[in-house]
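Below is one structure, written out as structure tokens; comments come after it.
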Amino acid sequence: MVGFLNMFGNVGGAMRCVSEEVFQKAARVIPGGVNSPVRSFQGLSMSPMVVESGLGDLIWDVDGNKYIDYCGSWGALILGHADPDVVRAASDQMAKGSTFGISTAVEEEIASKIVSLIPSIEKLRFVSSGTEAVMTALRLARGFTGRSKIVKFSGHYHGHLDSLLTQAGSGVNYLNPQASSKGVTEGALMDTISLPFNDFKSVRALFQSFGREIAAVILEPIAANMGVVLPEKGFLEMLREETKKAGALLIFDEIITGFRVGLKGAQGKYSIDPDLTCFGKIVGGGFPAALVGGKGKILDCLAPLGQVYQAGTLSGNPVAMRAGLETLIKVERDGFFEELFEKTNRLTRPIQEALKHKNGCLQQAGSMFTLFLGVKQVRSKEERAGVSEPLFAKFFRYLFERGIYIPPSSHEAWFVSMAHTNEHLEYTAKCVTTFLQEEC
Ligand SMILES: Cc1ncc(COP(=O)(O)O)c(C=O)c1O
């Protein structure tokens, strides 16, 4: 495809020599050249992108090539890159000092904002990553209930903590989708039970036999780490009912769906009242921040009030809190999500149309979606077995050469931000539909 000129006048695939050089150098000092595996473009037969800057819906690589970005730092950037209000809020705070390891007033401001927006959250604690939030949620659930077992679902990803690294989604699939990571002991997984998503029967059977041993059920209420997979009608309600009956907690991992599928997240969309919720990504406004929140009596088990230990040098970092607060202020404005969803539909509608007679499907939740190539419907990890990885690699390269950057794995979701322009969305739809006509 060398010589092809895309919308931005870039020569597709031809000018990435600086990226390649940086990557080669990085590979000498950083394992695989990356600080998170999925950035390595594994399985795509091309060297990964090395980014220089971003603005709005665009990113530039170190060779000066420009791309429309549908990854948005894996969903964190709902306002797009370098939103001027977020930049100002973070810069103002940095000028006053970037970390103290002592409480700052902005922590209360953003915590109160989240408590006022999310009915299931009475109290919350900030941490620095989604993994930490989930780890804290599990420890809290065990500390509160005095039980050990945790139930999760295959294809759901909750970060890289030992006890959930089995049958996980996202980058873990490139290891061995059935097993866990090396270095995770049998002991660490002894109390983890993984069930197929959307399988009512297996959940009911488990609760019937072991309900009283289960501390919590944790899930992505809308799965996004095996591609976007919606819960079947009644599935979340059933989980709420079974956990309540058994005295177990229901934990929603809304690290992707929080402030993404609507102002109140997936729990608002489906009217479910979880005991604990994890948020991340958007709540940090592009900085490292995440949280676990929920019922006050559960959160009060955390030290210093209770006996469940949790701590962090950079927890509640004031720069991240300012950026996150500014983001939430913009996201809560009237009409934000209607406008964002309309933007997303401008892209997904023509693709849905083009898919009618093709072997593929597009599954969407608000401003995130996945285009599955090779299957007509995905309701669980088991059902995505037919997804064609070689075709996805071809699709990724086709778009990349046309100045469009999508998450570099078939297991991920595309994210549309408020900064995406109609022109770029329509151009993307045209490229995708042309690919479907020519290649599928
Ligand atoms: C649903 C979900 N939970 C947890 C995590 C882990 O978050 P982090 O990468 O910030 O540790 C992720 C990361 O993508 C996620 O998608």
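Below are the figures for this structure:
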{"quantity": "Filter pass, Phe287 being open to solvent by 10 Å² or more (accessible area, probe 1.4 Å) and closer than 30 Å to Gly143 by Cβ", "calculated": "yes"}
{"quantity": "Condition met for Glu254 (within 16 Å of the ligand (Cβ to nearest atom), open to solvent by less than 30 Å² (accessible area, probe 1.4 Å) and acidic (Asp, Glu))", "calculated": "yes"}
{"quantity": "Leu399 being closer than 26 Å to Asn65 by Cα, free of Cβ contacts under 8 Å to residues at least 60 places away in the same chain and not assigned by TED's automatic domain parsing to the domain that holds Lys264", "calculated": "yes"}
{"quantity": "Subset tally (residues that are more than 18 Å from Pro408 (Cα to Cα) and surrounded by fewer than 23 Cβ atoms within 10 Å (Cβ to Cβ)) for segment 365-384", "calculated": "8"}
{"quantity": "Some residue of segment 47-66 being of a type outside the set (A, V, I, L, M, F, W, C), open to solvent by less than 30 Å² (accessible area, probe 1.4 Å) and outside the structural domain of Tyr427 (by TED's automatic domain parsing)", "calculated": "no"}
{"quantity": "Boolean, Ser120 is buried (at least 16 other Cβ atoms within 10 Å of the Cβ) and under 24 Å from Glu412 (Cβ atoms)", "calculated": "no"}
{"quantity": "Selected residue (only one of Leu347, Leu314, Leu299, Leu305 is open to solvent by 70 Å² or more (accessible area, probe 1.4 Å), over 19 Å from the mean Cα position of the chain (by Cα) and away from the ligand (no atom under 16 Å from the Cβ))", "calculated": "Leu305"}
{"quantity": "Residues within segment 390-400 that are open to solvent by 10 Å² or more (accessible area, probe 1.4 Å) and farther than 15 Å from Ala429 by Cα, tallied", "calculated": "5"}
{"quantity": "Matching residues in segment 347-390 - criterion: being aliphatic (A, V, I, L, M) and either closer than 29 Å to Gly268 by Cα or free of Cβ contacts under 8 Å to residues at least 12 places away in the same chain (or both)", "calculated": "Leu347, Ile351, Leu362, Ala365, Met368, Leu371, Val378, Ala385"}
{"quantity": "Output for segment 207-235, where each listed residue is away from the ligand (no atom under 15 Å from the Cβ) and either in the same structural domain as Val378 (by TED's automatic domain parsing) or on the phi > 0 side of the Ramachandran plot (or both)", "calculated": "Gly234"}
{"quantity": "Helices (runs of 4 or more DSSP H) wholly inside segment 157-272 that include at least 1 residues being hydroxyl-bearing (Ser, Thr, Tyr)", "calculated": "200-210, 235-246"}
{"quantity": "Residue in segment 145-153 that is within 24 Å of Ser409 (Cβ to Cβ) and within 16 Å of the ligand (Cβ to nearest atom) present", "calculated": "yes"}
{"quantity": "Leu189 being at pLDDT 95 or above, more than 15 Å from the ligand (Cβ to nearest atom) and either in contact with a helix residue (DSSP H, G or I) (Cβ under 9 Å, 6 or more places away or on another chain) or assigned by TED's automatic domain parsing to the domain that holds Gly211 (or both)", "calculated": "no"}
{"quantity": "Single unsatisfied condition, His160 versus (1) near the ligand (Cβ under 9 Å from one of its atoms); (2) open to solvent by less than 10 Å² (accessible area, probe 1.4 Å)", "calculated": "(2)"}
{"quantity": "Matching residues in segment 408-424 - criterion: being under 22 Å from the mean Cα position of the chain (by Cα) and surrounded by fewer than 21 Cβ atoms within 10 Å (Cβ to Cβ)", "calculated": "Met418"}
{"quantity": "Count - residues of segment 72-84 that are assigned to a loop (DSSP other than H, G, I, E, B) and within 16 Å of the ligand (Cβ to nearest atom)", "calculated": "3"}
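The values are calculated or read from the model by the stated rules, or taken from the named source; none is laboratory data. Please read all numbers here as calculations on a predicted model, not as lab measurements. Neighbour counts run over all protein chains shown; Cβ positions are idealised from the backbone, glycine included. Just so you know, the surface numbers come from the protein's heavy atoms only, side chains and all, with ligands and any DNA or RNA stripped out. Shrake-Rupley method; radii C 1.70, N 1.55, O 1.52, S 1.80 Å.
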